[in-house]
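Before any comments, here is the structure.
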Amino acid sequence: MNRPIRLAILGSGNGTNAQRISEYFAESKEIEVACIIYNRRDAYIAERAKNLGIEARYFNKHDFNETEEVLNYLKEKKIDYVILAGFLLMIPQNLLDYFTNRIINIHPALLPKYGGKGMYGEHVHEAVIANHEKESGITIHIIDQQYDRGTTLFQAHCEVTPDDTPDTLAQKIHQLEQTYFPVVIEKTVLQK
C-alpha cells in the first residue's frame, strides 16, 4: 500500500479519545485519521474534529440502520479501519460485513464482565463499584454482531479501592484509554 492506512473514528460524545488518537497519528506517515463520524448533533466530538482540522460528518440512527449512506461515505473516504471511541449505536450488518475484523472498539471494563447493552460509561463504573470488584480496566477488541464480544486485542487493569466513586474510577479508566488505545490501534493495523 503506497498510502497511509486510513482510519475513521466514530463517536457519540465528548471525543477525548478521538482527539488523543488523532494527535497520536498526526505526524505518522503510516496511519492517518481521515474522518470523524458522530451520531448526536450536540456531540462535542464535532468541535474537536474541527479544531484538529479533520473532516467531521453527522449521521443519525436512520442513516446507520436503514440506508447505505454511512458505508458509502466510508468507501468514498477509502477507509481501512473503523475505530469506535465512545460510540453508542450498535454497528449495522453492512458495516460489519464490509469491515470484517477491521472495527476496533474500546470498552471501559474488563470484558467479558460488565459488557452488553446498556453497559457504557458511568453505568459500568457504578456496577463495578456496587459489586465490590477489586480491579477494573479497559478492553480493546475487534467487534462482531454482539455488544462487547469479539476478539480481545488488549486489556489493561487498574485497582478499585474502597474509596473509589464512579467519578474517580472513570478518571482511572480514562487514563488507561488515553495511554493505550492509540498504541494498540497502531500495532493492530500495522500487523495486517
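Within the group Lys78, Lys29, which residue is more than 17 Å from the chain's Cα centre (by Cα), in contact (Cβ under 8 Å) with a residue 40 or more places away in the chain and in a loop (DSSP other than H, G, I, E, B)? Even if it seems obvious, please write down each step before you answer.
Working: Lys29 fails: in contact (Cβ under 8 Å) with a residue 40 or more places away in the chain.
After applying the criteria, what remains is Lys78.
If you go through region 35-75 one residue at a time, how many are in a loop (DSSP other than H, G, I, E, B), farther than 14 Å from Leu96 by Cα and among the charged types (D, E, K, R)?
Residues flagged as in a loop (DSSP other than H, G, I, E, B), farther than 14 Å from Leu96 by Cα and among the charged types (D, E, K, R) within region 35-75 amount to 4.
For region 107-126, how many residues are in a helix (DSSP H, G or I) and touching an Asp or Glu at 6+ places or on another chain (Cβ under 9 Å)? Give the derivation first.
Residues of region 107-126 in a helix (DSSP H, G or I): 121-126.
Imposing the further condition that a residue be touching an Asp or Glu at 6+ places or on another chain (Cβ under 9 Å) reduces the set to 122, 125.
Result for region 107-126: 2.
When you look at Leu84, is it touching a residue at least 60 places away in the same chain (Cβ under 8 Å) and over 30 Å from Lys134 (Cα atoms), yes or no? Lay out the reasoning, then the answer.
Values: touching a residue at least 60 places away in the same chain (Cβ under 8 Å): yes; over 30 Å from Lys134 (Cα atoms): no.
So Leu84 fails the test.
Within region 126-146, can you find the residues that are under 18 Å from Tyr180 (Cβ atoms) and surrounded by 15 or more Cβ atoms within 10 Å (Cβ to Cβ)?
If the condition is that a residue be under 18 Å from Tyr180 (Cβ atoms) and surrounded by 15 or more Cβ atoms within 10 Å (Cβ to Cβ), then Ser136, Gly137, Ile138, Thr139, Ile140, His141, Ile142, Ile143 are the ones that fit.
Would you be able to tell me the number of residues in region 33-48 that are under 21 Å from Val189 (Cα atoms) and touching a Ser or Thr at 6+ places or on another chain (Cβ under 9 Å)?
2
Hey, can you tell me all the residues within region 147-177 that are surrounded by 14 or more Cβ atoms within 10 Å (Cβ to Cβ), in a loop (DSSP other than H, G, I, E, B) and charged (D, E, K, R)?
The answer is Asp148, Arg149, Asp164.
None of the figures in this text is laboratory data; all of them are computed from the coordinates on show. Just so it is clear, the structure is predicted and the values come from calculations on it, not from any experiment. Here the Cβ is made from the backbone with ideal geometry for all residues, glycine too, and neighbour counts use every protein chain on show.
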